[in-house]
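Please read the structure below before turning to the comments.
The values are calculated or read from the model by the stated rules, or taken from the named source; none is laboratory data. On a predicted model such as this, the values are computed, not experimentally measured, just so you know. With ideal geometry, Cβ positions are generated from the backbone for all residues, glycine too; neighbour counts draw on all protein chains shown. Calculation scope for accessible area: heavy atoms of the full protein, side chains included, ligands and nucleic acids excluded. Shrake-Rupley method; radii C 1.70, N 1.55, O 1.52, S 1.80 Å.
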Amino acid sequence: MNIYSEQKKMTSYFPSILDKLDSLIENSKNQDSQIVIYLEGGHFNSSYGADDFSINSLNDACFLGRLLIKKYQRKIRLMYGVLVDNLGMSCSEETCSLIPNQNIQEKEHLPDELESIITENTFIKRDKLVLSFERATKNRAIKSLKMLLKNNVSELSEVPNEPYNDIIFKKSFLLARRKADQYVAKCPALIAQHYKDIETIVKKRFPKTEHCIIIDWSELDDKNKVVQGKQASTIFKNSPYPVIDIINIFFCDDKGEIFEINFS
């Protein structure tokens, strides 16, 4: 396991994250309501297992969690999650293709490298770790889109683009394609649904919370679809509460020594 020193971490992106959290927590509408911070690192492809990004992002999530417990104590509750890519597809902006020999099963275990990180961070209860799977998320995204279209949500438009109809968010980017009753959800819709799923899980575990902050680690190559998914998540939300703030951290290299942060 790659344990970083506090001094090293505090000279990279952690100060920016902590400053933003100070602002969000200080400005939370209900100061008596417990704030839940959901930390999601360790994303991996189920066919290939954990890579350097998976390991280092989960290490960072655990390290940040320790800092947050020390700083905020009982004012917050922490949750941890890992998103598993088990779609069995490789997607570009225009097309998706099957990856040979892709394992699409949803198994409740992590690669050994990630299990080791969780084991060494004893403040994380393994049975409370949230594992999410992209394949199931994609199916839920299609159900959500059908309902949103049925309800004539103004942010969505359906544009003919033979042989499909394109489902567009705010006339800006593609969420899905429809051909008759068959839907193909694109990556931003999957991300939007994933954030909705996190909201549902948080509210179930902490029913009285009114504010959830999601801190999500991704690779820079995924920045566009993640940011678009965050924008679209505003129409996927279950209800106005809990208020959801999402902080996206993008690693430009496997260790996160070069990074971008999206707060908006």
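Here are the numbers for the structure shown:
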| read-out | value |
| --- | --- |
| Hits in the range 32-52 (condition: in contact with a Phe, Trp or Tyr (Cβ under 6 Å, 6 or more places away or on another chain) and either within 14 Å of D222 (Cβ to Cβ) or charged (D, E, K, R) (or both)) | G41 |
| Residue in the range 49-81 that is farthest from F206 (Cα to Cα), counting only those that are modelled with pLDDT of 95 or more and of a type in the set (S, T, Y) | S54 |
| Given (1) of a type outside the set (D, E); (2) under 27 Å from S54 (Cβ atoms); (3) assigned to a loop (DSSP other than H, G, I, E, B), index of the condition T209 fails | (2) |
| Long-range neighbours under 6 Å by Cβ, at least six apart or interchain, first residue closer than 19 Å to Y80 by Cβ and of a type in the set (A, V, I, L, M) within the range 42-64, second open to solvent by less than 20 Å² (accessible area, probe 1.4 Å) and part of a helix (DSSP H, G or I) | A50/L114; L58/L114; L58/I117 |
| Members of the range 104-138 that are surrounded by fewer than 14 Cβ atoms within 10 Å (Cβ to Cβ) and not charged (D, E, K, R) | Q105, H109, T119, T122, F123 |
| Selection count, the range 168-186, where residues are touching a helix residue (DSSP H, G or I) at 6+ places or on another chain (Cβ under 6 Å) and open to solvent by 40 Å² or more (accessible area, probe 1.4 Å) | 1 |
| Top-ranked residue of the range 222-264 - restricted to ones that are open to solvent by less than 20 Å² (accessible area, probe 1.4 Å) and assigned to a loop (DSSP other than H, G, I, E, B), ranked as modelled with the highest pLDDT | P242 |
| Residue within the range 198-207 that is open to solvent by 60 Å² or more (accessible area, probe 1.4 Å), of a type outside the set (A, V, I, L, M) and over 19 Å from the mean Cα position of the chain (by Cα) present | yes |
| Any hit, the range 105-126, residues being among the small types (G, A, S), closer than 16 Å to S54 by Cβ and touching a residue at least 12 places away in the same chain (Cβ under 8 Å) | yes |
| Hits in the range 163-197 - residues which are more than 16 Å from the chain's Cα centre (by Cα), outside any strand (DSSP E or B) and not polar (S, T, N, Q) | P163, K170, K171, A180, D181 |
| N151 exposed (fewer than 13 other Cβ atoms within 10 Å of the Cβ) and over 30 Å from L18 (Cα atoms) | yes |
